[in-house]
Amino acid sequence: MLVFLAALLLGPGIPLALLYAGKWYAAKIPGEPMLAERIPVEVDPDSDTVVRNGSPFDMADTDLLRLVPGLAGGARKLSVLGVTLSATVGRSPFGTGHVIVDADGRVSVGSALPGTDRTGLKAVLPLAVHNKWVVLHDPGGPPNAAEVLLLVGGRTDTAVRQRLYDDVGRRLPELLTALRQRAADAGLVASTDGEPGSPSASTGRPRPHRTRSPRQNTPRGRAAMIPGLSTHSTKEPHATIPDCWLWRLGRRDVGLHDGPAALRTARGRYREPAARLAIRRHRCAQRG
């Protein structure tokens, strides 16, 4: 009887244990040569392009000269230019493992799907991290500033590397904006309502929600509420709205001081690129 119960209990457990063991054994960053570069960048608010030292993001002659140590035979944990890459098997015994990216004090997103873990704030890469890149962002800093960690195979040629740089220039603005939004939703970004000079900071109370007529609830009607702004232009209203006004209109539309909600509203109703809206929000906070 005891033998039967033991077989009944251990029967399903033994195959699962073997699956976990096999997955753990294979969960390593491949031991192929890898070059790395960590580059500070910004997103230009006017053109939504990635800028490096005042110029469009591109490969420099001094890039990718650092060979990452510690990869011989594969690695479960690797330190790359201040960033820790850790291989993990995950909860499921099936499939393959992945790599978690940990950068102290920064949120991150990877270039390959799924991009982040469940929190949306920590980058996830496949085990084959070669020829991938990671966006690192300080949520306490400017919304358009970030760093790019490039992980490039040591045997790649110039054409492959250039394609990686082009990929960064094309995709980083959108990834950074979404990452900044998730950081704000998680409470990691300081609220602009607490800035000195803002109504909520001076009175300690939120502004009351203002009701408007149906005509005012259109983009042209909201634009007409701004002193000195002409609404007869054939362009979209956001083309002539000053930095702070666009952000504040978004806040009024939702009747909240919640920055993320206002950002989403202004983004949808004024057709403003997401990265540029984040810059406008930052400028408005600086001006009080």
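Derivation of every value follows stated rules applied to the coordinates shown; laboratory data play no part. It should be emphasised that the depicted structure is a prediction, and the values quoted were computed from it without experimental measurement. So basically every Cβ, Gly included, is an ideal-geometry build from the backbone, and we count neighbours across all protein chains shown.
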Task: Cut-off under 5 Å, modelled amide H: who pairs with MET34 long-range - done: VAL68, GLY154
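Remind me, relative contact order of segment 27-185 in percent, using alpha carbon pairs under 8 angstrom and six or more residues apart? Don't skip to the end; give the middle numbers.
Values: 328 pairs, mean separation 42.5, N = 159.
Over segment 27-185, the number comes to 27 percent.
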TODO: Could you pull out every residue, at least 5 positions away or on a different chain, whose amide H is within less than 5 Å of the one on THR116? Hs are placed 1.01 Å off N in the peptide plane, and Pro or chain starts have none.
DONE: GLY110, VAL124
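Sorted by mean Cβ packing within 10 Å, highest first, what order do the peptides 50-58, 28-36 take? Please list the in-between numbers first.
On the way: 50-58: 14.1, 28-36: 18.1.
Ranked by mean Cβ neighbours within 10 Å, highest first: 28-36, 50-58.
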- [ ] Taking amide H positions as placed in the peptide plane 1.01 Å from N, state which residues far from LYS77 in sequence (5 or more) or on other chains have amide H under 5 Å from it.
- [x] ALA87
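Can you tell me which of 73-81, 98-106, 173-181 comes out highest on packing, and rank the rest after it, using the mean Cβ neighbours within 10 Å? Before the final figure, lay out the partial values.
On the way: 73-81: 16.1, 98-106: 18.7, 173-181: 21.7.
Ranking, from highest mean packing down: 173-181, 98-106, 73-81.
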Open item on the list: Explain nothing, just compute: Karplus ³J(HN,Hα) = 6.51 cos²θ - 1.76 cosθ + 1.60, θ = phi - 60°, for every residue of segment 116-124 in order, whole Hz, x for Gly and Pro.
Closed with: 9, 7, 5, 6, x, 10, 10, 5, 10
